[in-house]
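Structure record follows, encoded as structure tokens.
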Amino acid sequence: MARRLWARQNPTWPRCLLRILRPIRFELIALADSAPAASPAGAPGAVAPSDGVPVLEVRHLGRSLSLGEQSLEILRDITFAIPKGEFVTLMGPSGSGKSTLLGCITGLDTPSSGQVFLNGTDISSMRESQLAGIRNRTVGMVFQAFNLIPTLTARENVEVPLYAGSWKGSPTARSEELLGLVGLSHRLEHRPNQLSGGEQQRVAIARALATQPPLVVADEPTGNLAAAQGKELLDLLWDLREKLGTTFVIATHDASITPYATRMLQLADGQLVGDHPGPRADVA
Ligand SMILES: Nc1ncnc2c1ncn2[C@@H]1O[C@H](COP(=O)(O)OP(=O)(O)OP(=O)(O)O)[C@@H](O)[C@H]1O
Ligand SMILES: [Mg+2]
């Protein structure tokens, strides 16, 4: 309903955009859904004030899957809390459950047990319609494969979550501001295939930050980048953390991210086996 209304009111952003979005399902659920959600504060889609409240809290999280008669335990009894401004690395061997944990944190996956709180709001038992609004405003996501919409320009890619949500200002101005912040003012009208890997990932970061979420989670953000591009990206993320106060949780195998960490979480076989201050802990 909201989408139909929006399409009617925005003839310059025609229905073809919605047609483009529809097939790119999983990653774009978070960007394309915008149903308002009730918050503890009562305002539609607002998130609780973060003073003293962890931006992210996970309590006794479990995720299992039924495979025939067997149950596969992917995550077991995971508990941690992340205050505002942390730069957290989530490391662990392949298959240890990092991506599954990020899925549960962002509400794209449903925990089998336990709870996930975003800015104090328990999202674990929310319906999709409630969750969509919270996700749009609270969590930005960055993926290894960038996951930009190939037919849209850099500027339009960053605008998508703003049109999908209820951003009050001009999406174009916001998109240009963010692309400026990630150093891409000169690439606004380029499509993803006209950008380098590093530039595409910077567009993805601008998109993740579009709705000013307090939390950004990234799954192997440097995985498809050369070492120098990876370092540039990490410097940029750290800079954004400083400028915007954004909290980052980054799942990675890339040891070159470790020096940036204020906090280091370690998973093994679906369990949290390490939770330590990182080299930059004193900065957080
Ligand atoms: N839909 C699914 N069905 C069956 N098993 C699954 C499913 N999704 C994940 N798994 C299993 O859960 C475990 C954790 O997967 P996950 O992708 O979270 O690991 P990861 O730590 O992100 O690994 P990588 O570092 O390789 O990305 C793996 O053993 C995987 O095979
Ligand atoms: Mg993974």
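FYI, it's all coordinate maths here, none of it is from the lab. Predicted model only: the values in this text are computed from it and were never measured. As a convention, Cβ positions derive from the backbone with ideal geometry for all residues, glycine included, and neighbour counts pool all protein chains shown.
Bridging of K168 to lysines at a Cα separation below 30 Å is possible for K84, K243, once same-chain residues fewer than 8 apart are set aside.
The local environment of T79, defined by Cβ-Cβ distances under 11 Å, has a net charge of -1 under the rule Lys, Arg +1 and Asp, Glu -1.
Spin-label pair N193-L67: with each label point 7 Å from Cα along the Cα-Cβ axis, the two points sit 3.7 nm from one another.
On the beta carbon distance between E128 and H60, with R0 = 25 Å, the FRET formula returns roughly 0.65.
Cut-off 16 Å, label point 7 angstrom out along Cα-to-Cβ of D275: give me the residues of the stretch 219-258 whose amide nitrogen falls inside. Under 16 Å, as judged by backbone N against the label point of D275, lie 249-250 of the stretch 219-258.
In terms of the mean number of neighbouring beta-carbon atoms within 10 Å, the peptides 226-232, 214-220 order highest first as 214-220, 226-232.
Note on T151 and N224: the model spin-label points, each 7 Å out from Cα along the C-beta direction, lie 1.9 nm apart.
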